[in-house]
């Protein structure tokens, strides 16, 4: 049950009592599933595996449910909660932030979505030259009266090489960049780096930001030795996530940006591992 004040005054602005219009009753008696702020661009600090912090610029949505008898929510409180929790974020902290948002707004449900670019320092496979590679990351958290939830999404670029092209050609094989993505629910701790590594391992070869000639030779030959259809990538990724005991649910996709077609190749799998185990 939602808890809210029927007192139409508030002292939030200082000593002088001002009308709390949002806290008034609404005669239409229509509940709202989600109300809040969207497309907030905000600097955040993300926890790193080494225990430090790295800055990121995030696009953030924050919503709460609103009962039928309340006129409105307090928009300023969304930004207050964001300011209090924008340092040292990780999936577990975003879940806590969502819970605080629900309690602060006296709501039954709260939702937080953060989308940002995350950079991982990768070393070239032969020369070990360092370089930053970008990954698309999204954190989706929900807090309800009886449960909380968090979803981590990571998308990575990789290389795919066509097995059919390799098999039927006298020499060479067409290859292309692909985008592999996974949204997962998990128990315990799962780092962005952990999920990115699993994604990349399912491709014909990883991509890097810095490649010298020995590195370029390596990745070209590595992809040629490891040809994969989009179906192979998605099946290998599903197998890897099935083996990871931390993962309880996943939605995965791979999109190959075809180099010899005017269209892309796409595959997707959704699996609830707990439901599969129960059956």
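Taking the Cα centre of each part, how many Å lie between the range 108-161 and the range 178-219?
11
In nm, to one decimal, how far is the residue 38 label point from the residue 129 one, both placed 7 Å along Cα→Cβ?
With each label point 7 Å from Cα toward Cβ, the separation is 4.4 nm.
From zero outward in steps of 5 Å, how is the percent of C-alpha pairs of the range 153-279 spread across the bins?
So the P(r) values, bin by bin, are 2, 11, 20, 21, 17, 13, 8, 5, 2, 1, 0.
Against the longest principal axis of the chain, how steep is helix 213-225, in degrees 0 to 90 to the nearest 10, with axes from Cα atoms?
The two axes meet at around 90 degrees.
Ratio of Rg to Rh for the chain, alpha carbon only, Kirkwood?
Reported Rg/Rh (Cα atoms, Kirkwood Rh): 1.09.
What nm distance separates the two modelled labels at residue 197 and residue 231, each placed 7 Å from Cα along Cα→Cβ?
My value for the distance between the label points is 3.1 nm.
Can you give me the angle between helix 91-104 and the longest principal axis of the chain, using Cα atoms only, in degrees from 0 to 90, rounded to the nearest 10?
20
Most fluctuating residue of 180, 247, 234 in a GNM of the chain with Cα springs under 10 Å: which is it?
247
Is any residue of the range 174-198 close enough, with backbone N under 20 Å, to a label point placed 7 angstrom from the Cα of residue 248 along the Cα-Cβ axis, and if so, which?
182-192, 194-195
For a paramagnetic label modelled at 7 Å from the Cα of residue 75 toward its Cβ, which residues of the range 83-106 fall within the zone defined by backbone nitrogen distances under 17 Å?
Within reach of a label on residue 75: 83, 105.
Since every read-out is calculated from the coordinates, none of them should be taken as a lab result. Values in this document were obtained by computation on a predicted structure and should not be read as measured data. Don't worry about glycine lacking a Cβ; one is built from the backbone with ideal geometry, like all the others, and counts go over all protein chains shown.
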